[in-house]
Amino acid sequence: MFGEKFDSLPVLLRGVLERHDGDPVLAYVTLLCARQLRERIGRVHPDFLRSHRQGVERLDALIAAYPAVRDQIGLEGKDAEHFFAWYEAQFLRLIEQPAAVE
């Protein structure tokens, strides 16, 4: 999750942020997915994140770029602000799974 190999999350996020010819919507959703993953791991395994403080700080710095990427999408005005606020709240909301019925 914090490594520097080709299949690690920071490498993926840096690649998304460094591509200037890519789709800003794809980059935005990728960064939201990373934020969602980081928040959920923080809730379920806070000790894991505490034991990897430097990695968490580097990951958080990459995730913090999502507003700038969101701005590249090109939606503007009050309607865009409302849409993004709603979308992010829905995207990041934790939905409890119902218990399995046997």
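Each value in this text was obtained by applying a stated rule to the coordinates, not by laboratory testing. Values in this document were obtained by computation on a predicted structure and should not be read as measured data. Neighbour counts are summed over all protein chains in view; Cβ atoms, including those assigned to glycine, are modelled from backbone coordinates with ideal geometry.
Using a Förster radius of 35 Å, what is the FRET efficiency between Ala85 and Met1 based on their Cβ-Cβ separation? Nearest 0.05, please. Before the final figure, lay out the partial values.
On the way: r = 28 Å, r/R0 = 0.79.
Efficiency, from the Cβ-Cβ distance: 0.80.
List, largest first, the extents of the alpha carbons of the chain along their principal axes, each in whole Å.
Result, largest extent first: 43, 38, 24 Å.
Cβ under 14 Å from Gln72's Cβ, Gln72 left aside: what net charge do those residues give with Lys, Arg +1 and Asp, Glu -1? Before the final figure, lay out each step's value.
Working: positive: Arg19, Arg70; negative: Glu18, Asp21, Asp23, Asp71, Glu76.
That sum, taken over residues with Cβ under 14 Å, equals -3.
Which whole DSSP H helices in the chain pass both tests: a Cα extent of 24 Å or more along the axis and a mean Kyte-Doolittle value no lower than -1.0? Provide the component values of the computation, followed by the final result.
Values: long enough: 24-44 (30 Å, 0.45).
Helices passing the filter in the chain: 24-44.
Tell me which of Phe84, Gln72, Leu49 sits at the most positive position along the dipole axis of the chain, charges placed on C-beta atoms (Lys, Arg +1; Asp, Glu -1).
Leu49
Determine the gain in length on full extension of the stretch Arg50-Leu26; use 0.36 nm per residue of separation and subtract their C-alpha separation, reporting nm with one decimal.
Details: separation 24, 0.36 × 24 = 8.64 nm, distance 2.98 nm.
Length difference between fully extended and current span is 5.7 nm.
What's the magnitude of the charge dipole for the chain around its Cα centre, counting Lys and Arg as +1 and Asp and Glu as -1 at the beta-carbon? Answer in Debye, nearest 20.
It comes to approximately 340 debye.
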